[in-house]
1. Viscosity 1.567 mPa s, temperature 4 °C: Stokes-Einstein D of the stretch 9-218 from its Kirkwood Cα radius, in µm² per second?
2. In the structure shown, do any of LYS67/LYS114; LYS33/LYS78; LYS78/LYS164; LYS78/LYS110; LYS78/LYS114 have a Cα-Cα gap over 21 Å, and if so which?
3. Report, ordered by chain and residue number, the lysines lying within cross-link reach of LYS207, taken as a straight Cα distance under 17 Å and ignoring same-chain residues fewer than 8 apart.
4. For the chain, build the charge dipole from Cβ charges (+1 Lys, Arg; -1 Asp, Glu) around the Cα centre, then report which of LEU137, SER72, MET28 sits farthest towards its positive end.
5. Sequence gap at least 6, Cα distance under 8 Å: using those rules, report the relative contact order of the chain to the nearest whole percent.
6. If you filter the stretch 1-92 for GluC sites (Glu not before Pro), then keep DSSP loop positions with at most 16 other Cβ within 10 Å, what is left?
7. Just to be sure I understand the model, the point goes 7 Å from the Cα along the line to the Cβ. What's the resulting ASN163 to ALA123 distance in nm?
Amino acid sequence: MVSKQIKSKERVAEHGEVFTNEREVNAMLDMVKQETERIESRFLEPACGNGNFLAEVLNRKLAVVKKQYGKSALEYEKYSILALSSIYGVDIMEDNAKECRTRLYDIWNKAYTKQCKAEANDAAREAANFIIRHNILYGDALTMLRNDGKPIVFAQWDLVSGNKMKRRDYRLDQLMKGHDSQMDLEMLMGGWEFDEETQAWIPSPIKEYPLMNYWEVQDAIES
Ligand SMILES: C[S@@+](CC[C@H](N)C(=O)[O-])C[C@H]1O[C@@H](n2cnc3c(N)ncnc32)[C@H](O)[C@@H]1O
């Protein structure tokens with residue numbers, strides 16, 4: 001019988017697919033505990049499997065959202081979506097990425113429905129689903145290409161004012177280059193900016209979307 005950590009011997013041999021157990025996940029996340037408990041702190045797991053790490057990051061963030069905003073359904077909704085929107089993953093196996101999406105959605109939706117009761121609504125659920133589909137992708141984290149050969153692109157979601165959310169799309173290869181390289185011609189000509197906090201060059205977004213209510217992000221059209 002195949003254990004919970006392994007789907008098949010072939011997948012272990014071909015993709016190094018061995019899932020991490022809960023105790024190890026928690027021990028590793030405890031090493032960056034403060035960040036896992038910061039609602040908007042962004043996490044990217046480049047070989048996320050079916051989401052063992054990302055699911056626990058989401059659990060931790062949602063516990064903080066409940067503690068800070070649990071008294072108001074509207075505030076809980078907004079900040080739980082912000083928490084979700086900060087979690088990113090890539091896996092080369094489509095079934096893993098799909099399982100990860102479903103898992104994150106189920107965690108979020110269960111907590112949301114329990115917390116917001118009659119005020120829980122399908123517009124927020126649609127937005128959450130949409131964000132997850134853009135944040136958890138299947139592709140190759142080494143070449144930074146999707147399985148269809150196009151560059152991996154991630155959306156950055158920022159709560160800007162009140163209920164408004166801003167979406168900007170970035171290419172993963174450019175984001176990584178900004179962390180690893182000195183200023184070069186591409187950065188200079190492309191208007192990249194140096195970010196003091198992360199000590200990295202930030203590329204220009206490849207797409208920007210108008211400010212939308214966070215429950216309507218799925219309706220935004222590129223501006
Ligand atoms: C050791 S498993 C870890 C999965 C998950 N991070 C966990 O701890 O449970 C490695 C994962 O990396 C994925 N993988 C292998 N090569 C990859 C690549 N080049 N890009 C993205 N994912 C890859 C596999 O499909 C597998 O899900």
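Read the figures in this text as sums done on the coordinates, not as results from a lab. Predicted, not measured: the structure shown is a model, and the values here were computed from it. Virtual Cβ from ideal backbone geometry, glycine too; neighbours counted across all protein chains shown.
1. In µm²/s, the coefficient rounds to 72.
2. From the list (LYS67/LYS114; LYS33/LYS78; LYS78/LYS164; LYS78/LYS110; LYS78/LYS114), the Cα-Cα distance tops 21 Å for LYS33/LYS78.
3. The reachable lysines, counting only those whose Cα sits under 17 Å from LYS207, are LYS150, LYS166.
4. Working it through, the farthest residue towards the positive pole turns out to be SER72.
5. Once divided by the residue count of the chain, the mean separation gives 15 percent.
6. Passing sites in the stretch 1-92 are GLU37, GLU40.
7. That separation, rounded to one decimal, is 0.5 nm.
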